[in-house]
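Throughout, read-outs are computed from the coordinates displayed, never taken from laboratory work. For clarity, every value in this text was computed on a predicted model and none was experimentally measured. In this analysis, Cβ positions are derived from the backbone assuming ideal geometry, glycine residues included, and neighbour counts consider all displayed protein chains.
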Amino acid sequence: MIPSASFLRFLFKGKALVFWMVLCVLYMAIQPFINRTHPYNTVISSYISYPVITDDAATESAYFAALFVPIHNITVVVLSFSLYTLICAYVIRMKGIVKGTHYKSQVQLFVQALLICTTTAITSLLYVLLGFITLSRSLIIAMNVFWQLSHGLHGFIYFFFNRSIRNEVLGIFGRKKSDHITTVTAR
């Protein structure tokens, strides 16, 4: 844990973790009763706040308008980028504190987590922008690509950055790790 954040440890002790999980599930379960549904838009292959399913944009935007969605989306983007920036600053500062192999493994884990979180952060930023300004078709396609990456890239990142996972996966596909050492002598 980050030393200066140790005072927040009480948030996750004992049954508190169950509380946070229940709170997240309740939040998810209450949302359909607060917001209207958001139909799928086949024009841009996405679920958006205003699905453009009628020719009357004013009526549609009034029907689907909800203040809760933009507040939620902006909160997610601001918190994500703030926390990612804070963690980056702590890892950079940690270089002077931790030395040797521990630092290398921590940096490797940090890079792994950063790569995984970057796709989610970029996707959330583009999605929030989509709700406030008109984006070009190329940015909407980029948003959909990042959305796909945020769901499928994690396995590849784990495979390339985590040696034990890589060895297990390659072992499943028939490549066995050699346990013996072969020596060659010249005559």
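Any chance you could check the Cα centroid distance between segment 112-168 and segment 66-83 for me, in angstrom? First find each Cα centre; the distance between them is then 17 Å. With the charge dipole of segment 69-173 set up from +1 on Lys and Arg Cβ and -1 on Asp and Glu Cβ about the Cα centre, the Cα lying farthest toward the positive end among the listed residues S82, H72, F160 is that of F160. By the equivalent-ellipsoid construction on the alpha carbon gyration tensor, segment 69-173 comes out with semi-axes of 30, 21, 9 Å, ordered largest to smallest.
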